[in-house]
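Report on the structure given below.
Only the coordinates and a few stated rules stand behind these numbers; no lab work does. Because the structure is predicted, anything quoted here is derived from the model rather than measured. For neighbour counting, all protein chains shown are included, and Cβ atoms are generated from backbone atoms with ideal geometry for every residue, glycine included.
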Amino acid sequence: MQINNSVAVITGAASGIGEAAAKALAAMGAKVVMADMDAVKLQGVTTAIEAEGNSVACKVCDVTDENSVRELMQFAIDRFGSLNIVLACAGIIRDSFLITPDRETGKVKKFMSTGQWKQVIDVNLTGVFITLREAAIQMTNHRFPGVLIPISSINKSGELGQLNYASTKAAIALWPKILAGEFHARGITNIRVAAIAPGYVETPMLTSIDPEILGKIVADIPLGRLVKTDEIMSTVRFIVENEAVHGTTLEVSGGIIGKGLAK
Ligand SMILES: NC(=O)c1ccc[n+]([C@@H]2O[C@H](COP(=O)([O-])OP(=O)(O)OC[C@H]3O[C@@H](n4cnc5c(N)ncnc54)[C@H](O)[C@@H]3O)[C@@H](O)[C@H]2O)c1
């Protein structure tokens, strides 16, 4: 699929990977609809893209709310007349070990709360499910050529303190295979699915963490540095432009493997 003149919807577009993708796709000639819960940041990025003279619109959207996502897809079609690329970037972390005992007493003093568990499942799993489903409904009903790109993570292989997050990312890594098979079984030939599993990417989600911990993370990356948002974007471009990429999850990690399995 050509990026020029395509219509791209990006969730989580106000920051990090989503923001970089919105700017890059718009610069390549896509008509971009940016969606995020953070209205202020969303408007800021939209204004910056408009200032470059590129086609962009934005909509405040909570990916956990199916009406909100349904309205988002309809908004893209009403505004730009199609729906072709859907990049599901909205995601959160709420890290905690399952249980942490007190060093002196040996009794459990902290644990991952049900709220921490559910928030991550709601946004990273149910939110992406709703996003892909609503996009696929529109692409099928209108016969738009489409490509769905959910964002997994290299921590799909396991990471300490991320029982919730890693569970969502492992699940998403399976979806392209399942959906490619389902679409094939139902005679849907106009939609491809390919996920990206980034390693540690230089975004606010990461650069805001304790510099000491960040140093340890970087020391474990064979590439010797964090992945850049541009490198995720060039993978998005590869997926969109190469029609043989379907039913797969591409790792872009600088060589790192999930620590939970490595240690
Ligand atoms: N940064 C990394 O190192 C890294 C690595 C692997 C995977 N990822 C994944 O990539 C995706 C983007 O990460 P990022 O680093 O750009 O994060 P980020 O925190 O910079 O951006 C995430 C965006 O999602 C938005 N968001 C959160 N909840 C939402 C909701 N319910 N509805 C709509 N928008 C919502 C936030 O407002 C924010 O703008 C996430 O799924 C993340 O898990 C990131």
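A simple spin-label model places pseudo-atoms 7 Å from Cα toward Cβ; at residue 95 and residue 209 they are separated by 0.3 nm. Helical runs (DSSP H, four residues minimum) scored at -39500 (n - 2.57) apiece and divided by the length of the chain put the mean residue ellipticity at 222 nm at -13500 deg cm²/dmol. Derived value for segment 7-262: Kirkwood hydrodynamic radius 18.8 Å. Basis is the mean of 1/r over every pair of different alpha-carbon atoms. Length gained on full extension, residue 5 to residue 118: 36.9 nm, using 0.36 nm per residue less the C-alpha separation.
Within the listed set 101, 176, 145, the Gaussian network model of the chain (springs between alpha-carbon atoms below 10 Å) gives the highest mean-square fluctuation for 101. In order along segment 19-35, the Karplus-derived 3J(HN,Hα) couplings, from 6.51 cos²θ - 1.76 cosθ + 1.60 at θ = phi - 60°, round to 4, 4, 5, 4, 5, 5, 5, 5, 5, 8, x, 6, 8, 10, 10, 9, 10 Hz, and Gly and Pro are given as x.
Taking Cβ atoms as reference points and 13 Å as the exclusive limit, the residues near residue 202 contribute a net charge of -1, counting Lys and Arg as +1 and Asp and Glu as -1.
Less than 9 Å Cβ to Cβ from residue 57, Lys/Arg counted +1 and Asp/Glu -1: what total charge do the surrounding residues give? Taking every other residue near residue 57 into account, the sum is +3.
Between residue 160 and residue 27, the simple label model (points 7 Å from Cα in the Cβ direction) yields a spacing of 3.9 nm. Subtracting the Cα-Cα distance of residue 216 and residue 228 from their residue separation scaled by 0.36 nm leaves 2.6 nm.
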